[in-house]
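Encoded as structure tokens, the structure appears first; notes follow it.
No value in this document is a laboratory result; all are computed from the given coordinates. Note that the structure is a prediction, hence the values are computed from the model and not measured. Please note: Cβ atoms are built from the backbone with ideal geometry, for glycine as well, and neighbour counts cover all protein chains shown.
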Amino acid sequence: MKIIGEKINGTRKRVAQAIAERDAGFIKDLARKQAEAGSTWLDVNAGTHPDKEPDDLIWMIENIQSVVDIPLSLDSANPKSLEIAIKAVNKTPMINSISGEPERLEKILPIVAEHGCDVVALAMDEKKIPETFDKRMEVIEKVLGSTRAAGVPDNKVYVDPLAMTIATMNQSAVIACDTIRAVHAKYPDVHFTMGLSNISFGLPARKQVNRGLLILAMQAGLDSAILDPLDKELQAAIVTTELLLGKDKHCLNYIRASRKGIFDKPAE
């Protein structure tokens with residue numbers, strides 16, 4: 001399972017404060033902790049006004065790269081910001097994200113193709129997030145047609161089936177998992193990712209719901225997730241699920257995780 005560390009995101013109040021006050025120490029600490037926890041990429045989302053976003057992203061990237069050596073996931077819907085930010089990265093980044101929206105395909109997909117990036121592809125179009133499995137498949141097929149036409153290999157695409165809050169859409173997890181299975185069957189080289197926290201919005205004990213979705217989605221074929229890598233219970237769920245899915249030869253990863261204390265009871 002590849003992890004996209006989610007914590008450096010300007011929509012979070014404390015991160016937004018750090019960006020506004022240029023608190024480099026706070027951003028560096030978040031980057032270091034997530035990298036040490038096993039992140040494959042670190043998501044970098046300024047969450048600021050489009051006029052400020054390029055400068056904010058550059059500042060964030062420079063500080064993150066001063067303390068960690070893993071690739072970044074540039075999280076922006078602003079093509080101008082992406083064009084500027086991608087020149088500052090040390091390693092080829094992931095781009096988060098494209099979708100079935102014509103403007104994103106027209107303006108962001110060329111950046112992905114030019115730089116050989118991995119890319120998150122959202123199962124939504126310019127109208128809204130489709131509520132049915134069939135409609136999401138239509139959007140995904142459109143997006144994959146565009147990525148192929150642009151010369152982006154299927155194995156560079158991470159489809160996000162968009163598991164929306166189950167409090168208002170009780171089939172959300174089922175639709176997301178069915179979408180993963182269907183896309184995998186038709187496009188076997190495509191990868192999958194998702195932000196887990198949307199599923200539990202509005203519910204108590206949200207982490208419990210997030211972990212449940214993670215396990216179900218991994219069984220369906222999820223091989224990446226945007227999550228908090230510092231959540232030991234979530235990390236334990238990943239290791240255990242990979243073990244039970246037969247993806248941990250000789251149980252070595254599970255045993256190593258146990259020795260590191262990942263299954264220890266969290267502090268009260």
Collect residues whose amide H, placed 1.01 Å from N in the peptide plane, falls under 5 Å from the amide H of Ile226; neighbours closer than 5 in sequence don't count. Ile4, Met194, Gly195, Leu196
Only sites in a loop by DSSP and with at most 13 other Cβ atoms within 10 Å count here; which trypsin sites (Lys or Arg not before Pro) in the range 104-208 make the cut? Lys127, Lys128
How much length, in nm to one decimal, is gained on full extension between Ala37 and Ala167, taken as 0.36 nm per residue of separation minus their Cα-Cα distance? 43.8 nm
Using the Cα gyration tensor of the chain, the equivalent ellipsoid's semi-axes, largest first and to the nearest Å, work out to 26, 25, 18
Would you list, by chain and number, the aspartates and glutamates whose Cα falls below 18 Å from the Cα of Lys249, excluding same-chain residues fewer than 8 positions away? Asp223
Towards the positive end of the charge dipole of the chain, with charges on Cβ (+1 Lys, Arg; -1 Asp, Glu), say which of Ile95, Ser81, Leu162 has the farthest Cα. Leu162
Amide H contacts under 5 Å for Val159, placed H, 5+ residues apart: Ala121, His191, Phe192, Thr193
For His115, His184, His250, what ranking results if the residue with the fewest other Cβ atoms within 10 Å of its Cβ goes first? His250, His115, His184
Hey, in the GNM for the chain with a 10 angstrom Cα cutoff, which one of Gln34, Gln208, Gln219 fluctuates hardest? Gln208
Please list the equivalent ellipsoid semi-axes of the range 22-134, computed as the square roots of five times the alpha-carbon gyration tensor eigenvalues, in descending order and whole angstrom. 26, 16, 14
Whole-Hz Karplus ³J(HN,Hα) for the range 94-100, in order, using 6.51 cos²θ - 1.76 cosθ + 1.60 and θ = phi - 60°, x for Gly and Pro? 8, 10, 10, 6, 10, 7, x
Could you check which residue among Thr240, Thr168, Thr147 shows the biggest mean-square fluctuation in a GNM of the chain with a 10 Å Cα cutoff? Thr168
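Note the full-extension length gain between Ala20 and Lys52 as 0.36 nm times their separation in residues minus their Cα-Cα distance, in nm to one decimal.
Result: 10.5 nm gained on full extension.
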Only Lys, Arg, Asp and Glu count, each charged at its Cβ (+1, +1, -1, -1), so figure out the dipole size of the range 2-259 about its Cα centre, rounded to 20 debye. 700 debye
Which shape class, rounded, prolate or oblate, goes with the range 158-268 when its Cα gyration tensor gives a ≥ b ≥ c as root eigenvalues, a/c under 1.5 marks rounded, and past that a/b bigger than b/c marks prolate? oblate
Pop out the ³J(HN,Hα) list for the range 229-237 in order, Karplus 6.51 cos²θ - 1.76 cosθ + 1.60 with θ = phi - 60°, rounded to Hz; leave Gly and Pro as x. x, 8, 7, 5, 5, 5, 4, 5, 5
Decide, for the range 81-184, between rounded, prolate and oblate: order the square roots of the alpha carbon gyration tensor eigenvalues as a ≥ b ≥ c, take rounded if a/c falls under 1.5, and otherwise choose prolate if a/b is larger than b/c, else oblate. prolate
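Helix-only estimate, please: 222 nm mean residue ellipticity of the chain, summing -39500 (n - 2.57) across DSSP H runs of length 4 or more and dividing by its residues, to the nearest 500.
-14000 deg cm²/dmol
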GNM on the chain, Cα springs under 10 Å; top mean-square fluctuation among Thr92, Thr132, Thr40 goes to Thr132
Would you mind ranking Tyr158, Tyr187 so that the residue whose beta carbon has the fewest other beta carbons within 10 Å leads the list? Tyr187, Tyr158
Can you give me the C-alpha center-to-center distance between the range 165-228 and the range 80-127, rounded to a whole angstrom? 22 Å
Computed ³J(HN,Hα) along the range 156-161: with the Karplus parameters 6.51/-1.76/1.60, θ = phi - 60°, integer Hz and x for glycine or proline, the list is 9, 9, 10, 6, 9, x
